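This report concerns only the one structure given below.
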């Protein structure tokens, strides 16, 4: 498979951060319905959970702030590589892009792993088009790369990701803020059914521009998934719906 090839036997997968680092084949979800399993986000070094309030519901969804806790790339590989190799579901490793200079080495570590068919790259929240392209170029290697763009900035930065060599784009949860009791703001990612109309429009706009996109955001029914695929997405990713059953 070259870095430009990205196909799925089934156009359905989980979004990064929803189902852990390895597929739980004995869990309550029927993972055989997935065309690929996307790992939790993995950084170069260890990250600890976010402090303070992490969850805030609102009409139509909720705000979540986790800090993307993980043991770091080397330790995650040590713990997970055997299960990835044995997985009947192809694995996509989600890497947290923090520094462009770190990416080539991270990618080389992942390329050597059995069972891994691709890399999804999460970018810094402030990344503009120039930064998106730089990260995309730095992640190129033997595996196809999916660049995850925040929903609210995906249309304006999609072309730069593909120009940088990405095989496809995926849509990450948009960010928002909510007032806390102490007068501060809780900031984090937004999830829930209220995101669906925005996500569908973003998929349509990116697809009409001729760019490969994996849809996500507010998908809570089979009909919504079909609508996103009909709008031009090559696949869809499910997020918070997986925590209550699909």
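The values are calculated or read from the model by the stated rules, or taken from the named source; none is laboratory data. Keep in mind the model is a prediction, meaning the values are calculated, not measured. Note: ideal-geometry Cβ built from the backbone for every residue, glycine included; neighbour counts use all protein chains shown.
Would you mind telling me which numbered condition in (1) under 23 Å from residue 19 (Cβ atoms); (2) under 18 Å from the mean Cα position of the chain (by Cα); (3) not in a helix (DSSP H, G or I) residue 113 fails?
Among (1) under 23 Å from residue 19 (Cβ atoms); (2) under 18 Å from the mean Cα position of the chain (by Cα); (3) not in a helix (DSSP H, G or I), the lone unmet condition for residue 113 is (2).
For region 79-86, does any single residue satisfy the condition of being in contact (Cβ under 8 Å) with a residue 60 or more places away in the chain and in contact with a helix residue (DSSP H, G or I) (Cβ under 8 Å, 6 or more places away or on another chain)? Let's see the steps before the verdict.
Residues of region 79-86 that are in contact (Cβ under 8 Å) with a residue 60 or more places away in the chain, as a first pass: 83-84.
Imposing the further condition that a residue be in contact with a helix residue (DSSP H, G or I) (Cβ under 8 Å, 6 or more places away or on another chain) reduces the set to none.
No, that holds for no residue.
Conditions: (1) buried (at least 17 other Cβ atoms within 10 Å of the Cβ); (2) assigned to a helix (DSSP H, G or I). Residue 105 meets all but one. Number of the miss?
Result: residue 105 passes all but (1).
For region 34-58, name all the residues that are at pLDDT 95 or above and not in a strand (DSSP E or B).
34, 35, 39, 40, 41, 43, 44, 45, 46
Since residue 55 meets every condition but one in (1) surrounded by 13 or more Cβ atoms within 10 Å (Cβ to Cβ); (2) without any contact (Cβ under 8 Å) to a residue 24 or more places away in the chain; (3) touching a strand residue (DSSP E or B) at 6+ places or on another chain (Cβ under 8 Å), which condition does it not meet?
Checking residue 55 against (1) surrounded by 13 or more Cβ atoms within 10 Å (Cβ to Cβ); (2) without any contact (Cβ under 8 Å) to a residue 24 or more places away in the chain; (3) touching a strand residue (DSSP E or B) at 6+ places or on another chain (Cβ under 8 Å), the one that fails is (1).
In region 207-228, what count of residues is obtained for those that are in a helix (DSSP H, G or I) and more than 17 Å from the chain's Cα centre (by Cα)?
Step one: of region 207-228, the residues in a helix (DSSP H, G or I) are 207-208, 222-228.
Narrowing further to those that are more than 17 Å from the chain's Cα centre (by Cα): 207-208, 222-224, 226-227.
Of the residues in region 207-228, 7 are in a helix (DSSP H, G or I) and more than 17 Å from the chain's Cα centre (by Cα).
Which of the following residues is touching a residue at least 12 places away in the same chain (Cβ under 8 Å), surrounded by fewer than 17 Cβ atoms within 10 Å (Cβ to Cβ) and part of a helix (DSSP H, G or I): 142, 152?
That would be 152, the only listed residue that is touching a residue at least 12 places away in the same chain (Cβ under 8 Å), surrounded by fewer than 17 Cβ atoms within 10 Å (Cβ to Cβ) and part of a helix (DSSP H, G or I).
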